[in-house]
Amino acid sequence: MIAVIDYGAGNSASVLKAVQHLGFTSKSVIAPECLQDAEKIVLPGQGHFATMMTSLRERHMLEPLREAIESGKGFLGICLGLQALYEGSDEAPDEQGLGILPGRVRKLEGVFKIPHVGWSQMEVRQPAKILEGIASSSFAYFCHSYYGPVTAQTAATTQYGQKFSAAVELRNIHAVQFHPEKSGEIGLQVLKNFLET
Amino acid sequence: MLAKRIIPCLDCKDGRVVKGVQFEHLRDAGDPATLAERYNEEGADELVLLDISASREGRATLLQTVHQVARQLFIPLTVGGGVRTVEDARRLLAQGADKVAVNTAAVENPQLVRELADRFGSQAVVAAIDARRQRLPPSLPPDEQLKSRAITWNVVIYGGTRETALDAIGWARQAEALGAGEILLTSMDADGAQTGFDCELTSAISHAVHIPVIASGGAGRPEDFAEVFLRGAADAALAASVFHFRQYSLRGLKKYLESRGIPVRIVAEGEA
């Protein structure tokens, strides 16, 4: 079973739909005990960094989620779910992130239009399981105002105002800033790669 | 590189796609789910579904239509038409819409935009603005009017049937401040005429706000799309008839735009 975390403000329904379309059993999850039964965990994201972290904490899911990730269970963070992996975010300076990736999430700047909404290309910079079969310069659908900086774990970057992490991978931990559930065939391929790892 | 988006629009009435000129003289253009599938395959970047049913029965059909369209679709879907409350929006999102467009109800109650953004996030809220050019004061020659900013656009509501005194640029700014994530801007002067987008209107709004502007109304030739991106500063362009009645394909249109140096996302045949 693939657990898709629903923290109340995310877009878990469309992620569930895509996972089921690919032939995998999945479940929307709002309680920590479900994480133990799951083969893999997806943290979709939308909205505000503080809302996500507070909601995960109030539902007592933050520590179980960290433990599941550390135990080696497959994890996919989407959009805000990627940003959660960093130490923190300028969107909510008082909140801590999971701290799995070094650095802080920052606000996009240097562009007239923010949020970054639409289809942008990603450049693959190192091989990653979730990017198998994805050509460099492929387009994916983004919708965000904050970005995760490029780190040693960054598998693909995208340029909008600045260069940021479009996809990261660290052992069992995978995350994408774009929305694979809204990125057509490319997005479905990314999801499939994760589900089949 | 951020691509300029091409968005086919499905105007739906009682479960069918229809198309008319300025919301009148409707003709049938097919089944929504079938058209959605075709556009997805041709490389649409997003789909917009607008309900133009006036009846309660029509509204109930809409939820079914959204469900059917969304089921096999893995690109963003915006749904609008008759959204008046947070509950209306919630129902559409629950059926698989990613964004809801609000128009008349937001003009009558601007706080609706804020309530929707607070509840679902700005990324899910599209302010749909129908604008009409105001009759020019006869005393000035046209180029003088442009210079003196005498050309203005007012917001019209109820499908273009009711004028308001609201300035379209001011309303766009206010909608952004209230939390709208995008603006779907329809020129009521150009809509359905297939004589080109209103590039002055689009450019004025696009430079007045920091959120993306989707230009709508007037798409005819492929050149019209190039114009609205290059001169109108649009982030996306929406059209209906040119796609429904197969004047040209989305793929063909995008190849043309690419040849004009406009960044677009081209999906290879059989890949979508």
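Here are the numbers for the structure shown:
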{"quantity": "Relative contact order [Cα under 8 Å, 6+ residues apart], the stretch A:1-117, whole percent", "calculated": "22 percent"}
{"quantity": "Charged-residue dipole, Cβ positions (Lys, Arg, Asp, Glu), chain A about Cα centre, Debye nearest 20", "calculated": "380 debye"}
{"quantity": "Probe 1.4 Å, all protein chains present, accessible-area order of B:Ser241, A:Ser137, largest first", "calculated": "A:Ser137, B:Ser241"}
{"quantity": "Long-range amide H partners of B:Leu184 with built H, under 5 Å", "calculated": "B:Ala127, B:Ala128, B:Ile129, B:Ile214"}
{"quantity": "Shielding by other protein chains, B:86-98, mean Cβ within 10 Å", "calculated": "1"}
{"quantity": "Rg/Rh for chain A, where both radii come from Cα atoms and Rh is the Kirkwood radius", "calculated": "0.93"}
{"quantity": "Antiparallel bridge percentage (DSSP; both residues within the protein assembly as shown; nearest 5)", "calculated": "45 percent"}
{"quantity": "Partner aspartates and glutamates for A:Lys107 [C-alpha distance under 13 Å; skip if fewer than 8 residues away on the same chain]", "calculated": "A:Asp90, A:Glu91"}
{"quantity": "Low-density loop cleavage sites - trypsin sites (Lys or Arg not before Pro) in the stretch B:186-272, where at most 11 other Cβ are within 10 Å (DSSP)", "calculated": "B:Arg246"}
{"quantity": "Where the stretch A:2-196 is the region considered: accessible area per residue in Å², 1.4 Å probe", "calculated": "37 Å²"}
{"quantity": "Carbon/sulfur fraction of accessible area - the stretch A:2-196, other protein chains in place, 1.4 Å, %", "calculated": "48 percent"}
{"quantity": "DSSP beta bridge pairing in the stretch A:2-196, given as percent antiparallel to the nearest 5", "calculated": "55 percent"}
{"quantity": "Distance cut-off 33 Å, percentage of C-alpha pairs in the protein assembly as shown lying past it", "calculated": "34 percent"}
{"quantity": "Alpha-carbon centroid distance for the pair the stretch A:171-197 / the stretch B:219-269, whole angstrom", "calculated": "28 Å"}
{"quantity": "Estimated inter-spin distance, A:Glu185 and A:Arg66, nm [label 7 Å along Cα→Cβ]", "calculated": "4.2 nm"}
{"quantity": "Three principal axis lengths of the stretch B:5-259 [C-alpha, angstrom, descending]", "calculated": "54, 42, 33"}
{"quantity": "Relative contact order computed over chain A (Cα-Cα under 8 Å; 6+ residues apart), in percent", "calculated": "19 percent"}
{"quantity": "For peptides B:72-80, A:22-30, sequence by mean Cβ density within 10 Å, most packed first", "calculated": "B:72-80, A:22-30"}
{"quantity": "10 Å Cβ neighbours from other chains, averaged over peptide B:173-183", "calculated": "1"}
{"quantity": "Carbon and sulfur %, accessible surface of the stretch B:168-272 computed with the full protein complex present, 1.4 Å", "calculated": "47 percent"}
{"quantity": "Distance in nm between pseudo-label sites at B:Met1 and B:Arg231 (7 Å out along the Cβ direction from Cα)", "calculated": "2.4 nm"}
{"quantity": "Efficiency of FRET from Cβ geometry, B:Glu37 and B:Asn109, R₀ 35 Å, rounded to 0.05", "calculated": "0.45"}
{"quantity": "Candidate lysines for bridging to B:Lys13, where Cα separation is under 28 Å - those fewer than 8 sequence places away on the same chain excluded", "calculated": "A:Lys17, A:Lys182, B:Lys99"}
{"quantity": "Heavy-atom accessible area, 1.4 Å probe, ligands and nucleic acids excluded: residues of the stretch A:106-132 down by at least 40 Å² from chain alone", "calculated": "A:Phe112, A:Lys113, A:Val117, A:Trp119, A:Gln121"}
{"quantity": "A:Glu95 - accessible surface, heavy atoms, 1.4 Å probe, Å² rounded to 10", "calculated": "30 Å²"}
{"quantity": "Loop sites in the stretch A:156-185: trypsin sites (Lys or Arg not before Pro), DSSP, at most 13 other Cβ within 10 Å", "calculated": "A:Arg171"}
{"quantity": "Accessible area buried at the B-A interface, both sides summed, 1.4 Å probe (Å², nearest 100)", "calculated": "2400 Å²"}
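The values are calculated or read from the model by the stated rules, or taken from the named source; none is laboratory data. What you see is a predicted model; the values in this text were computed from it and never measured. Cβ: placed from backbone, ideal geometry, glycine included. Neighbour counts: every protein chain shown. Surface accessibility is based on the protein's heavy atoms, side chains included, excluding ligands, DNA and RNA. Shrake-Rupley method; radii C 1.70, N 1.55, O 1.52, S 1.80 Å.
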